[in-house]
Amino acid sequence: MVMTAYWGILLFLAGLIFGSFFNVLSDRLPEKQSSVKPPSSCHSCGRKLKAKDLVPVISYLILRGRCRYCSCSIPIRILLLELTTGVMFLLLYLNFGLTIELGVALLYFSALLLILIIDLEKKLILNVIIYPVAVIALVINLLLPGIEIVPGITSALAGGGVGLALFLLIALLSRGGMGMGDVKMAGLMGLMLGLPLNLVAIFLAVISGGIVAVAVMIIKEKSRRNPIAFGPFLAIGTMTAFIWGQELLEWYLGFFGF
């Protein structure tokens, strides 16, 4: 129990630090800027931030969400992403323990969270994230086919191929209603989850995305010409399927008597 609490606290703190770094990446990657240079600065006044301004969560709370130098508001996303990443690392540890599975889950979930944030804010799914993670997923499937959460290279390639083909067809038929970023994302989901769990993730994304889209259109009268980003729903669907996909699939098949 003591060791569980120790590692849980350690993983939570590590998540806060990574969340702070993800904030930097979410700002700089869409602008094709370096993730390490220049040093972090205030979005409003441009003043270089000191170490005491960059302590995850604590700095935001002490400064009450405002820049130390110009008093302009600090985006709430800074705080939320740090906390979300910390909680995510903790929950993954509690689910997988100190195992190889935990390492794989932390890598995949971090990439998915970064994709989610950037697509939510910028309506972009970046190749600079998709391609390296896809290569890493292929390597993991080749080298670690024996662990439970890794589908193996055959299933991964099948899942990636099905995801690419399905979303490419949708993108072509929708005539711009779906971007190529979503197509590549579907391929990555297949490499992570394999077949048929990637279909579970896609189903969850479609259902949740559809519900949110209808609700937003009703509340805000959002135009179809200004579509909602679908990447966040794909990311959440993948996360859900990664943890509970097999149980959901078995429940679904059992419900219909298969």
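The values are calculated or read from the model by the stated rules, or taken from the named source; none is laboratory data. In this text the structure is predicted, and so the values were computed from the model without any measurement. Note that we place each Cβ from the backbone using ideal geometry, even for glycine, and neighbour counts take in every protein chain shown.
Among the residues of region 54-75, is any within 19 Å of the chain's Cα centre (by Cα), more than 15 Å from PHE12 (Cβ to Cβ) and among the hydroxyl-bearing types (Ser, Thr, Tyr)?
no
Spot the failing condition for THR85; the list is (1) surrounded by 15 or more Cβ atoms within 10 Å (Cβ to Cβ); (2) out of contact with any Gly (no Cβ under 8 Å at 6 or more places or on another chain), and only one is missed.
Failed condition: (2).
Would you confirm whether or not region 37-47 contains a residue that is in contact (Cβ under 8 Å) with a residue 12 or more places away in the chain and under 30 Å from TRP244 (Cα atoms)? Steps first, answer last, please.
Going residue by residue through region 37-47, those that are in contact (Cβ under 8 Å) with a residue 12 or more places away in the chain are 40, 42-45, 47.
Applying the additional criterion that residues be under 30 Å from TRP244 (Cα atoms) yields none.
Checked region 37-47: no residue is in contact (Cβ under 8 Å) with a residue 12 or more places away in the chain and under 30 Å from TRP244 (Cα atoms).
Hey, could you check region 3-41 for residues that are over 25 Å from the mean Cα position of the chain (by Cα) and of a type in the set (A, V, I, L, M, F, W, C) and say which is farthest from CYS70 (Cα to Cα)?
MET3
Run down SER71, SER59 and say which single residue is surrounded by 13 or more Cβ atoms within 10 Å (Cβ to Cβ), at pLDDT below 95, farther than 22 Å from ALA241 by Cα and small (Gly, Ala, Ser). Spell out how you get there, then give the answer.
Details: SER71 fails: surrounded by 13 or more Cβ atoms within 10 Å (Cβ to Cβ).
Of the residues listed, the single one that is surrounded by 13 or more Cβ atoms within 10 Å (Cβ to Cβ), at pLDDT below 95, farther than 22 Å from ALA241 by Cα and small (Gly, Ala, Ser) is SER59.
Quick one: ARG224 ticks every box in (1) under 25 Å from LYS122 (Cβ atoms); (2) modelled with pLDDT under 80; (3) in a helix (DSSP H, G or I) bar one, so which box is it?
(3)
For region 88-201, please list each of the helices (runs of 4 or more DSSP H) lying entirely inside it that holds at least 2 residues being surrounded by fewer than 18 Cβ atoms within 10 Å (Cβ to Cβ). Steps first, answer last, please.
Numbers: elements: 100-122, 127-143, 153-174, 180-193.
Passing ranges, in order: 100-122, 127-143, 153-174.
Failed condition for ARG64, given (1) in a helix (DSSP H, G or I); (2) of a type outside the set (Val, Ile, Thr); (3) within 23 Å of ASP53 (Cα to Cα), with all others met?
ARG64 satisfies all of (1) in a helix (DSSP H, G or I); (2) of a type outside the set (Val, Ile, Thr); (3) within 23 Å of ASP53 (Cα to Cα) except (1).
Within the set of pairs 6+ apart or on separate chains, which have a first residue in region 195-222 that is on the phi < 0 side of the Ramachandran plot and without any contact (Cβ under 8 Å) to a residue 24 or more places away in the chain, a second that is of a type in the set (A, V, I, L, M) and not in a loop (DSSP other than H, G, I, E, B), and C-beta atoms under 6 Å apart?
Hits for this filter: LYS222/VAL216.
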